[in-house]
Amino acid sequence: MAFDFQACADGILVRPLCKEDYTKWFSGFSRRKLSQHTHDPGLLDMTDCTDSWFAALVDKHQQLAAEDKAYVFAVFRVEDGAHLGMIDFSTLARDDFQWGRIGYTIHNQYWSKGYGKAAVHMALEIAVSQIRYQRIEAHINLDNPQSIALAKSVGMHYECIRKGFIFENGQWTDHLVFIYTAQK
């Protein structure tokens with residue numbers, strides 16, 4: 001069975017990528033602006049991102065969902081189909097936990113238009129109602145106020161700081177943990 005969960009509201013469509021999305025996806029990534037802050041990669045080298053590479057990526061996303069390891073969503077603007085960004089969920093534990101992690105990115109050329117809030121809100125609802133997570137965590141760098149503000153704006157709540165949580169940029173870094181639960 002294909003992974004095809006989706007939601008549409010406020011002029012935003014959140015759904016898995018399909019192979020026909022290549023041109024819109026490539027355009028969204030190719031038109032990024034220079035980096036706007038530490039946690040924004042800015043312009044990306046898209047040289048290796050061919051149509052066949054993208055088709056394999058779509059297949060990989062479907063496989064990860066079939067294995068209940070990860071669910072990757074694309075964010076599109078309804079009016080013109082522009083690819084605005086990506087949202088992903090990783091399954092951390094099932095059984096008595098039903099626990100996942102969310103990651104999100106909106107291309108920097110689309111910032112400050114409300115797209116991130118609308119898309120993440122819809123994706124969280126999909127994660128609770130269709131993927132069946134009870135608890136969803138966002139792991140956020142302490143110096144990323146934009147991501148912190150987005151997490152708060154969609155109803156996520158600060159839980160703790162995890163010390164030395166992830167190895168990035170050559171060192172173990174602390175992360176804030178924000179949570180979203182199915183039972184409010």
For this session: Write out, first by first residue and then by second, each pair whose Cβ atoms fall under 6 Å of each other, whose residues are 6+ apart or on separate chains, and whose first residue, in the stretch 5-23, is farther than 11 Å from residue 74 by Cβ and modelled with pLDDT under 95 while the second is surrounded by 13 or more Cβ atoms within 10 Å (Cβ to Cβ) and of a type in the set (Gly, Ala, Ser).
Result: 10/118
For this session: Run residue 119 past the list (1) outside any helix (DSSP H, G or I); (2) at pLDDT 95 or above; (3) among the small types (Gly, Ala, Ser) and report the number of the one that doesn't hold.
Result: (1)
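Each row is one residue, and each column tells you yes or no for (1) in a loop (DSSP other than H, G, I, E, B); (2) farther than 24 Å from residue 44 by Cα.
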site: 92; (1), (2): no, yes
site: 97; (1), (2): yes, yes
site: 104; (1), (2): no, no
site: 113; (1), (2): yes, no
For this session: Quickly run through the stretch 10-27 and pick out the residues that are touching a His at 6+ places or on another chain (Cβ under 7 Å) and under 28 Å from residue 142 (Cβ atoms).
Result: none
Exercise. Quick one: is residue 130 touching a Phe, Trp or Tyr at 6+ places or on another chain (Cβ under 6 Å) and surrounded by fewer than 22 Cβ atoms within 10 Å (Cβ to Cβ)?
Worked result: yes
Problem set entry | Selection count, the stretch 72-92, where residues are more than 17 Å from the chain's Cα centre (by Cα) and surrounded by 11 or more Cβ atoms within 10 Å (Cβ to Cβ) | 2
Problem set entry | Among residues of the stretch 12-37, those that are open to solvent by 90 Å² or more (accessible area, probe 1.4 Å) and either under 25 Å from residue 124 (Cβ atoms) or within 18 Å of the chain's Cα centre (by Cα) (or both), counted | 2
For this session: Would you please name the residue that is farthest from the chain's Cα centre (by Cα), looking only at residues in the stretch 38-71 that are touching a residue at least 60 places away in the same chain (Cβ under 8 Å), surrounded by fewer than 13 Cβ atoms within 10 Å (Cβ to Cβ) and within 25 Å of residue 140 (Cα to Cα)?
Result: 38
Exercise. Going by the conditions given, is residue 53 outside any strand (DSSP E or B) and either in contact with a helix residue (DSSP H, G or I) (Cβ under 7 Å, 6 or more places away or on another chain) or charged (D, E, K, R) (or both)?
Worked result: no
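The values are calculated or read from the model by the stated rules, or taken from the named source; none is laboratory data. Source: prediction; values computed, not measured. FYI the Cβ positions are ideal-geometry reconstructions off the backbone, even for glycines, and counts take in every protein chain you see. To get the accessible areas, we keep the full protein, side chains included, count just its heavy atoms, and leave off ligands, DNA and RNA. Shrake-Rupley method; radii C 1.70, N 1.55, O 1.52, S 1.80 Å.
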